[in-house]
1. 222 nm [θ] for the chain, helices only, -39500 (n - 2.57) per DSSP H run of 4+, per residue, to 500?
2. Which ³J(HN,Hα) values, rounded to whole Hz and listed in residue order, are derived for the range 261-267 from phi using the Karplus coefficients 6.51, -1.76 and 1.60 in 6.51 cos²θ - 1.76 cosθ + 1.60 with θ = phi - 60°, glycine and proline given as x?
3. Taking K and R as +1 and D and E as -1, what net charge do the other residues with C-beta under 11 Å from the C-beta of Asp139 add up to?
4. In square angstrom, what is the accessible area per residue of the range 118-261 with a 1.4 angstrom probe?
5. Would you mind telling me which residue in Pro53, Pro173, Pro212 has the biggest mean-square fluctuation in a Gaussian network model of the chain, where springs connect alpha carbons within a distance under 10 angstrom?
6. Identify the GluC sites (Glu not before Pro) of the range 1-78 meeting these criteria: DSSP loop state and at most 11 other C-beta atoms within 10 Å of the C-beta.
7. Out of all DSSP beta bridges with both ends in the range 1-150, state the antiparallel percent to the nearest 5.
8. Rounding to the nearest 10 and keeping the result within 0 to 90°, find how far the Cα-based axis of helix 301-315 lies from the longest principal axis of the chain.
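The values are calculated or read from the model by the stated rules, or taken from the named source; none is laboratory data. Note that the structure is a prediction, hence the values are computed from the model and not measured. Cβ placement follows ideal geometry from the backbone for every residue including glycine, while neighbour counts extend to all protein chains displayed. Surface accessibility is based on the protein's heavy atoms, side chains included, excluding ligands, DNA and RNA. Shrake-Rupley method; radii C 1.70, N 1.55, O 1.52, S 1.80 Å.
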Amino acid sequence: MNAPQPNKLDLTQRHRRNRKTDWARRLVREHVLTVSDLIWPIFLVEGENLRQPVASMPGVERLSVDAAVRAAVEAVELGIPAIALFPNTDPALRNEQASEALNPDNLVCRACRAIKAAAPGLGLITDVALDPYTSHGHDGLLLDGEILNDETVFVLVQQALNQARAGADVIAPSDMMDGRIGAIRAGLDAQHFDRVQILAYAVKYASAFYGPFRDAVGTGAILTGDKRTYQMDPANTNEALREAAQDLKEGADILMVKPGLPYLDVIYRVKQKFGAPTFAYQVSGEYAMIMAAANNGWIDADKTMLESLLCFKRAGADAILTYFAPRVAKTLKDLI
Ligand code: PBG
């Protein structure tokens, strides 16, 4: 028997032993963030050699197609597996029917073709929803104050086909209409696009965190009302599981939860319950909050960025859409 030492606790477990050195911390680390976890969302704008800063998202720019091609090449060089495209459509091209969504020469389709030619091995994800194309900024067709479900889904199928023909590898419906995953899967398969993946925004909340995104794509000022009749109530999680189950049944290859950090419990439950590939979206408002605080000198941008993304991994996300993607990739390279 050892004699009891004065001023010492008699502890069997001292958790700090595993934390005392860098090598030990690295060995016991449970989760790791790598460049392979990243998807880079890119905003598109009409023009040439144009990089337009988005005021509410410091460090993020809208890119003309040629600049987006250069960004895609940079993504490949950085080892980022995929990018996701979001167009800022000329207001003159927006209408009640969102007809520009079906134009084979619209901004997204031209960008897809140019990016595929320059970076064929880069995953190319396109957003299916009508909000960049409607004059009222909603994701679906609007009639007498109501967003029409089935009528919208027919248009979404055509929009998805338009994007697949332009070279999109992954179709990502973010509209939250009922039944769109099954309809889009059937539409793609019928046109021999059975290899195109569907990344379903299965769980998308009606969130105030999308504000800066709406500035970036030019829907903030025109949106009438809100999206609560189709996007989910932030109060619900059981409903999230029902949405995810439905999308998997209809043929989703990958599930998405959005927003990200305030919804880690939802990511965790969706991943635990289904074990399907589950992505998360660190949305524009989350990015803006970190950058605003960092630019005031209140927090460290790089450390907060890396910590927030690691938290997604801990919750069970397989990949994360984040506006930080190129910055993370560069930071991780420097850390090695
Ligand atoms: C629209 C869409 C939105 C986002 C992605 N697709 C905004 C919305 O639903 O109003 C938000 C992304 C972000 O905030 O970063 N279909």
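1. Details: 11 runs with 128 residues, N = 336.
-11500 deg cm²/dmol, from helical runs alone.
2. For the range 261-267, the Karplus curve yields 3, x, 10, 4, 4, 6, 4 Hz.
3. Numbers: positive: Arg180, Lys204, Lys227; negative: Asp127, Asp131, Asp175.
So the surrounding residues net to 0.
4. Working: 5460 Å² over 144 residues.
Averaged over the residues of the range 118-261, the accessible area is 38 Å².
5. Among Pro53, Pro173, Pro212, the largest mean-square fluctuation in the Gaussian network model of the chain belongs to Pro53.
6. On the way: sites: Glu30, Glu46, Glu48, Glu61, Glu74, Glu77; in loops: Glu30, Glu46, Glu48.
Sparse-neighbourhood loop GluC sites (Glu not before Pro): Glu30, Glu48.
7. Antiparallel bridges make up about 30 percent of those DSSP assigns within the range 1-150.
8. Between helix and principal axis, roughly 90 degrees.
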